[in-house]
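> Here it is, the structure, as structure tokens.
The values are calculated or read from the model by the stated rules, or taken from the named source; none is laboratory data. Please read these numbers as outputs of a predicted model, since none were measured by experiment. Glycine also receives a Cβ, built like all others from the backbone with ideal geometry; neighbour counts cover every protein chain displayed.
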Amino acid sequence: MINFILGVVTSANYWFIVLRSTAPILLVTLGAVITAQAGIMNMALEGSMLWAALVGVIASSATGNAWIGLLAGVGVSVLVALVLGFFALKLDANAVLSGVALNLVATGGTVFVLFSLTGDKGISSSLPSKVLPALTIPLVKDIPWIGKVISGQNIIVYIAALSVVFVDFILRRFTIGRRIRATGENIEAAKAAGIDPVRIKFFALIVSGVLAGLAGCFLSMGYTSNFTSGIAAGRGYVANAAQVVAGGTAVGSIFAAMLFGLMDAMATYLQNIGLMPELIQALPYAVTILGFVVVTFVRDRREAERKRRLFASSTMKKENVGGM
Amino acid sequence: MNSIRRFFVDRESLAPALVTLFAAVFSLLAGIVLIFIVSKQPLQSVQNFLLAPFLRSYNFYYLLIVMVPITFTGLALCVVYQLRYMSLIVDASLYVGAVVATAIGTQISLPAGIHPAVAMLAAGLVGGLIGLLPAILKIRWRANELVSSLMLNYVFYFLGSFIILYYLRDRSQTILSSLPFKRTFLLPRLVPNTQLHVGFLIAAAFVALVTIFLYRTRWGYEIRITGANPRFAMYAGIPVTTVVLYAHFISGFLGGVGGAVEMSGLYRAFIWQMDPSYAWDGVIVAMLARRNPKFVPVSALFLAYLRVGADFMSRRGDVAFEFITLLQGLIILILASDRIVNYFKERRLRKQVLKSQGESR
């Protein structure tokens with residue numbers, strides 16, 4: 001058993017699969033991070049992914065072009081995010097509930113549309129959909145072990161890696177990032193500073209929609225080559241937990257998503273040797289919760305420590321003043 | 001009688017009722033529009049969708065059977081929503097409750113009558129303990145209870161099917177099925193030659209129990225106060241943490257009992273190949289009932305009506321059953337939108353203000 005796991009963990013193929021299973025989670029986690037930073041929880045990420053996965057397949061098979069499929073998928077995913085924004089920000093709906101509702105609409109709606117188009121409820125294999133290309137990186141592919149892991153991945157995997165930089169720049173380098181965080185932290189103060197919170201939240205939702213759209217298209221046009229019902233498999237929900245593990249930062253998202261990816265890839269492997277697939281499939285979700293708890297625990301401890309210090313230093317100052 | 005009069009006279013309580021009605025009618029209309037878009041024989045499909053329970057007596061009894069589990073999850077979510085919590089862990093409570101009931105129904109010998117009762121109690125206790133988890137995570141680590149409950153639902157689903165597969169499976173069957181239940185475990189039928197079982201009455205009894213609990217006992221009152229204003233509840237000396245915990249235990253308990261009732265009432269073995277996800281139906285039932293367990297049977301009836309109609313229509317036509325999930329999402333969207341809910345209230349207020357202004361001039 002131990003030997004088997006050691007063998008798996010050192011194989012390049014395992015890490016190849018890890019990166020591949022991490023990519024979609026990473027994309028949606030980044031989406032969850034940016035909306036959470038703006039103070040709105042995008043629970044509809046799951047629905048965004050489902051619609052993107054389906055529409056990507058339909059558009060690519062209709063046009064014969066995977067890129068048009070990707071574009072259409074991302075477009076519909078943004079649309080879902082905008083609908084969430086409309087209900088949550090314009091109609092004062094509870095954002096979490098309307099997100100959940102949009103996921104239900106997506107769960108039922110994607111199967112409904114798939115069945116109406118193909119007569120099949122489970123899988124879109126009758127549609128001649130295209131797959132997004134894999135990239136071989138010229139020099140890297142020749143490096144012994146690393147080349148096998150990093151080169152030859154689907155293009156979305158690389159886009160996911162770039163998205164980390166992109167979201168990190170948005171959040172930390174650009175003015176809009178400061179506005180996003182201000183809106184999320186204290187909406188009244190943001191308003192007083194002349195920021196329109198509704199607009200900022202819409203912006204964050206659109207970005208998260210794009211990211212979830214990429215993730216959704218990857219699932220049906222790269223990770224697998226079909227749309228299957230429920231293809232998102234709760235990744236949109238996992239993202240909202242991983243967002244907390246990520247500590248609300250883009251770089252943290254890598255670790256949070258990796259945690260899920262490692263377990264997910266390990267589950268694929270352990271299943272192959274016939275080791276109780278049910279228990280192993282539960283692993284990624286269980287580990288995410290565990291990470292979730294540990295991170296909030298550590299954060300709370302640190303926060304308490306900081307407050308204690310602040311308190312201590314302020315009382316010390318007072319004593320000094322009294323001494324004078 | 002008094003409440004009926006209040007319903008018609010007191011316009012304050014009329015507004016939310018109107019919204020509920022609006023959501024129901026809107027979802028029906030949306031369903032009809034969708035049928036017309038995709039169906040090649042729309043009139044036949046719409047007829048099957050709307051009139052299913054009256055076309056076949058089988059459908060009518062099926063409607064009543066469908067009501068049972070969603071009444072349980074609806075009640076469970078009423079308790080949670082009274083607290084203004086969003087945990088969906090009742091899904092896991094119901095699923096694991098069904099697994100626990102299966103273990104008791106297949107492994108233990110008890111006299112008829114006592115056997116299902118013991119199973120329901122055990123399933124309820126396990127379901128209640130599971131229900132506690134998101135609440136503990138929230139209280140102790142401020143983890144969002146919706147997110148953690150959804151994660152835990154996956155974990156418990158896989159755990160439950162693991163137990164069925166490795167400890168309770170009937171290996172002589174080709175499809176996934178547990179060993180057959182002992183005869184003593186099965187609930188009697190309410191109407192001979194139909195599937196309608198005593199579980200229907202058990203569900204009705206729980207509606208009464210939860211209504212009394214929430215509106216006629218101190219503990220229920222504490223739940224409602226804590227939900228309405230936790231800070232006020234704290235200052236009033238209500239042990240808020242304890243209240244949150246026992247409310248979640250009760251909610252999970254209801255889910256667990258629901259799972260056991262389904263098993264002993266409807267099935268001869270555990271044959272769920274997938275998570276039936278009754279918690280999502282419970283969300284709509286509880287929202288349509290406006291968190292009041294008293295109205296749960298009405299909203300469960302409406303949802304069961306939609307489901308039976310969609311099921312009947314999809315088996316006799318070209319519209320996928322899943323469109324019901326789409327309609328359910330639409331219902332929640334409407335009910336969750338405060339602006340829509342307040343629209344009716346605001347309009348009346350505006351009228352009153354305009355009128356009083358006119359008078360003062």
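> Could you tell me which of the residues A:Gly194, A:Gly177, A:Gly213 is within 13 Å of the chain's Cα centre (by Cα), more than 27 Å from A:Leu290 (Cα to Cα) and away from every other protein chain (no Cβ under 14 Å)? So that I can check it myself, show each step before the final result.
On the way: A:Gly194 fails: within 13 Å of the chain's Cα centre (by Cα); A:Gly177 fails: within 13 Å of the chain's Cα centre (by Cα).
Unique residue meeting the criteria: A:Gly213.
> Limited to the stretch A:204-253, what total is found for residues that are farther than 23 Å from A:Phe115 by Cβ, crowded, with 24+ Cβ neighbours inside 10 Å and hydroxyl-bearing (Ser, Thr, Tyr)?
The number of residues fulfilling the criteria is 3.
> Out of the residues in the stretch B:283-321 meeting the condition of being free of Cβ contacts under 8 Å to residues at least 40 places away in the same chain and assigned to a helix (DSSP H, G or I), tell me which one is nearest to B:Val33 (Cα to Cα). Quick ask: steps written out before the conclusion?
At the first step, the residues of the stretch B:283-321 found to be free of Cβ contacts under 8 Å to residues at least 40 places away in the same chain are B:295, B:298, B:314-315, B:320-321.
Those left that are additionally assigned to a helix (DSSP H, G or I): B:295, B:298, B:314-315.
On the way: B:Phe295: 28, B:Val298: 25, B:Ser314: 15, B:Arg315: 19 Å.
By that ranking, first place goes to B:Ser314.
> Suppose we filter the stretch A:84-100 for residues that are at the interface with another protein chain (Cβ under 7 Å from one of its Cβ atoms) and surrounded by fewer than 24 Cβ atoms within 10 Å (Cβ to Cβ); how many remain?
Looking only at that region, the number is 5.
> Failed condition for A:Phe112, given (1) in contact (Cβ under 8 Å) with a residue 12 or more places away in the chain; (2) part of a helix (DSSP H, G or I); (3) under 30 Å from B:Leu146 (Cα atoms), with all others met?
(1)
> Within the bounds of the stretch A:46-57, is there any residue that is surrounded by fewer than 23 Cβ atoms within 10 Å (Cβ to Cβ) and either within 27 Å of B:Glu145 (Cα to Cα) or basic (Lys, Arg) (or both)? Let's see the steps before the verdict.
Step one: filter the stretch A:46-57 for residues surrounded by fewer than 23 Cβ atoms within 10 Å (Cβ to Cβ), giving none.
Scanning the stretch A:46-57, I find no residue that is surrounded by fewer than 23 Cβ atoms within 10 Å (Cβ to Cβ) and either within 27 Å of B:Glu145 (Cα to Cα) or basic (Lys, Arg) (or both), so the answer is no.
> Still on this structure, I have one more. Quick one: count up the residues across the stretch A:270-313 that are within 22 Å of A:Leu6 (Cα to Cα), among the polar types (S, T, N, Q) and either buried (at least 19 other Cβ atoms within 10 Å of the Cβ) or within 9 Å of chain B (Cβ to nearest Cβ) (or both).
The number of residues fulfilling the criteria is 1.
> Shifting gears a bit: Where the second residue is not in a loop (DSSP other than H, G, I, E, B) and the first is of a type in the set (D, E, K, R) and lies in the stretch A:247-276, which pairs have Cβ atoms under 7 Å and are six or more apart or on separate chains?
Cβ pairs passing all conditions: A:Asp264/A:Ser21; A:Asp264/A:Pro284.
Residues checked against (1) within 13 Å of chain B (Cβ to nearest Cβ); (2) at pLDDT below 90; (3) within 22 Å of A:Leu219 (Cβ to Cβ):
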{"position": "A:Ile2", "(1), (2), (3)": "no, yes, no"}
{"position": "A:Val8", "(1), (2), (3)": "no, yes, no"}
{"position": "A:Gly31", "(1), (2), (3)": "no, no, yes"}
{"position": "A:Gln37", "(1), (2), (3)": "no, no, no"}
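> Consider A:Phe174 against the criteria (1) surrounded by fewer than 13 Cβ atoms within 10 Å (Cβ to Cβ); (2) in contact (Cβ under 8 Å) with a residue 12 or more places away in the chain: it satisfies all of them except one. Which criterion is unmet?
Only one criterion in (1) surrounded by fewer than 13 Cβ atoms within 10 Å (Cβ to Cβ); (2) in contact (Cβ under 8 Å) with a residue 12 or more places away in the chain is unmet by A:Phe174, namely (2).
> State all residues of the stretch A:242-269 that are of a type in the set (Gly, Ala, Ser) and either within 14 Å of chain B (Cβ to nearest Cβ) or over 29 Å from B:Met274 (Cα atoms) (or both); if no residue qualifies, say none.
Taking the stretch A:242-269 first, the residues of a type in the set (Gly, Ala, Ser) are A:242, A:246-248, A:250, A:252-253, A:256-257, A:261, A:265, A:267.
Hits for the stretch A:242-269 are A:Ala242, A:Ala246, A:Gly247, A:Gly248, A:Ala250, A:Gly252, A:Ser253, A:Ala256, A:Ala267.
> Separate question: Out of the residues in the stretch B:71-89 that are of a type in the set (A, V, I, L, M) and away from chain A (no Cβ under 14 Å), state the one that is surrounded by the most Cβ atoms within 10 Å (Cβ to Cβ).
Step one: filter the stretch B:71-89 for residues of a type in the set (A, V, I, L, M), giving B:75-77, B:79-80, B:83, B:86, B:88-89.
Adding the requirement that they be away from chain A (no Cβ under 14 Å) leaves B:75-76, B:79, B:83.
Details: B:Leu75: 32, B:Ala76: 37, B:Val79: 29, B:Leu83: 23.
Ranking the candidates gives B:Ala76 first.
> Could you figure out which of (1) surrounded by fewer than 23 Cβ atoms within 10 Å (Cβ to Cβ); (2) assigned to a helix (DSSP H, G or I); (3) free of Cβ contacts under 8 Å to residues at least 24 places away in the same chain isn't true of A:Pro138?
The failed condition is (2).
> Continuing with the same structure: Given the conditions (1) surrounded by 21 or more Cβ atoms within 10 Å (Cβ to Cβ); (2) hydrophobic (A, V, I, L, M, F, W, C); (3) at pLDDT 95 or above, and given that B:Ala208 satisfies all but one, which numbered condition is not satisfied?
(1)
> Another one. Kindly indicate which of A:Leu205, A:Leu219 is outside any loop (DSSP other than H, G, I, E, B) and either closer than 23 Å to A:Lys90 by Cα or more than 21 Å from the chain's Cα centre (by Cα) (or both). Walk me through it before giving the result.
Values: A:Leu219 fails: either closer than 23 Å to A:Lys90 by Cα or more than 21 Å from the chain's Cα centre (by Cα) (or both).
Just one listed residue meets the conditions, A:Leu205.
> Give the stretch B:181-203 a look and list any residue that's out of contact with any strand residue (DSSP E or B) (no Cβ under 9 Å at 6 or more places or on another chain) and surrounded by 15 or more Cβ atoms within 10 Å (Cβ to Cβ), or say none.
Result: B:Phe181, B:Lys182, B:Thr184, B:Phe185, B:Thr194, B:Gly199, B:Phe200, B:Ile202, B:Ala203.
> A follow-up question, please. Taking B:Leu152, is it at the interface with chain A (Cβ under 9 Å from one of its Cβ atoms), within 22 Å of the chain's Cα centre (by Cα) and modelled with pLDDT of 90 or more?
Details: at the interface with chain A (Cβ under 9 Å from one of its Cβ atoms): yes; within 22 Å of the chain's Cα centre (by Cα): yes; modelled with pLDDT of 90 or more: yes.
Yes: the conditions hold for B:Leu152.
> Step by step: first the residues of the stretch B:29-60, then only those that are of a type outside the set (S, T, N, Q) and under 23 Å from B:Ser277 (Cβ atoms), then the one that is surrounded by the most Cβ atoms within 10 Å (Cβ to Cβ). Which residue is that?
Step one: list which residues in the stretch B:29-60 are of a type outside the set (S, T, N, Q), which gives B:29-38, B:40, B:42-43, B:46, B:49-56, B:58, B:60.
Adding the requirement that they be under 23 Å from B:Ser277 (Cβ atoms) leaves B:30-31, B:34, B:49, B:52-53.
Details: B:Ala30: 15, B:Gly31: 23, B:Leu34: 20, B:Phe49: 28, B:Ala52: 25, B:Pro53: 20.
Only one residue fits best here, namely B:Phe49.
> Restricting to the stretch B:125-136, name every residue that is within 12 Å of B:Thr241 (Cα to Cα) and crowded, with 24+ Cβ neighbours inside 10 Å. Let's see the steps before the verdict.
Just the residues of the stretch B:125-136 that are within 12 Å of B:Thr241 (Cα to Cα), to begin with: B:132, B:135-136.
Hit for the stretch B:125-136 is B:Ala135, nothing else.
> Answer yes or no: is there a residue in the stretch B:255-273 that is in contact with a Pro (Cβ under 7 Å, 6 or more places away or on another chain), in contact (Cβ under 8 Å) with a residue 60 or more places away in the chain and over 30 Å from B:Leu159 (Cα atoms).
Checking the stretch B:255-273: not a single residue is in contact with a Pro (Cβ under 7 Å, 6 or more places away or on another chain), in contact (Cβ under 8 Å) with a residue 60 or more places away in the chain and over 30 Å from B:Leu159 (Cα atoms).
> Sticking with this structure for a sec: Scan B:Ala304, B:Ala310, B:Ala260, B:Ala279 and give me the residue that is under 19 Å from A:Leu97 (Cβ atoms), modelled with pLDDT of 90 or more and surrounded by 20 or more Cβ atoms within 10 Å (Cβ to Cβ). Please lay out each step first, then the result.
Details: B:Ala304 fails: under 19 Å from A:Leu97 (Cβ atoms); B:Ala310 fails: under 19 Å from A:Leu97 (Cβ atoms); B:Ala260 fails: under 19 Å from A:Leu97 (Cβ atoms).
Matching residue, one of B:Ala304, B:Ala310, B:Ala260, B:Ala279: B:Ala279.
> Moving to a separate point now. Which of the numbered conditions does B:Ile324 fail, given that it passes all the others? Conditions: (1) part of a helix (DSSP H, G or I); (2) more than 20 Å from the chain's Cα centre (by Cα); (3) within 13 Å of another protein chain (Cβ to nearest Cβ).
That leaves (2) as the condition not met.
> Given B:Ile212, B:Ile136, B:Ile130, which one is within 14 Å of chain A (Cβ to nearest Cβ) and under 22 Å from the mean Cα position of the chain (by Cα)?
Values: B:Ile212 fails: within 14 Å of chain A (Cβ to nearest Cβ); B:Ile136 fails: under 22 Å from the mean Cα position of the chain (by Cα).
Going through B:Ile212, B:Ile136, B:Ile130 in turn, the sole match is B:Ile130.
Residue-wise test of (1) over 19 Å from the mean Cα position of the chain (by Cα); (2) of a type in the set (D, E, K, R); (3) at the interface with another protein chain (Cβ under 10 Å from one of its Cβ atoms).
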{"residue": "A:Gly73", "(1), (2), (3)": "no, no, no"}
{"residue": "A:Leu82", "(1), (2), (3)": "no, no, no"}
{"residue": "A:Leu102", "(1), (2), (3)": "no, no, yes"}
{"residue": "A:Ala106", "(1), (2), (3)": "no, no, yes"}
{"residue": "A:Thr110", "(1), (2), (3)": "yes, no, yes"}
{"residue": "A:Leu114", "(1), (2), (3)": "yes, no, yes"}
{"residue": "A:Pro128", "(1), (2), (3)": "yes, no, no"}
{"residue": "A:Ile146", "(1), (2), (3)": "yes, no, no"}
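> I'm trying to understand the selection: among the residues of the stretch B:10-69, which are touching a Lys or Arg at 6+ places or on another chain (Cβ under 9 Å) and of a type in the set (Lys, Arg)?
Answer for the stretch B:10-69, where residues must be touching a Lys or Arg at 6+ places or on another chain (Cβ under 9 Å) and of a type in the set (Lys, Arg): just B:Arg11.
> A further question follows. Filter the stretch B:290-301 down to the residues that are of a type in the set (A, V, I, L, M, F, W, C) and buried (at least 24 other Cβ atoms within 10 Å of the Cβ), then identify the one that is farthest from B:Glu262 (Cα to Cα). Break it down stepwise before answering.
Step one: filter the stretch B:290-301 for residues of a type in the set (A, V, I, L, M, F, W, C), giving B:295-296, B:298, B:300-301.
Keeping just the survivors that are buried (at least 24 other Cβ atoms within 10 Å of the Cβ) gives B:296, B:300.
On the way: B:Val296: 18, B:Ala300: 15 Å.
My answer is B:Val296.
> Right, another one. Find all pairs meeting these conditions: Cβ atoms under 8 angstrom apart; at least six residues apart or on different chains; first residue within the stretch B:167-189 and under 9 Å from B:Gly105 (Cα atoms); second residue of a type in the set (Phe, Trp, Tyr).
Pairs that qualify, where the first residue is under 9 Å from B:Gly105 (Cα atoms) and the partner is of a type in the set (Phe, Trp, Tyr), are B:Phe181/B:Tyr267.
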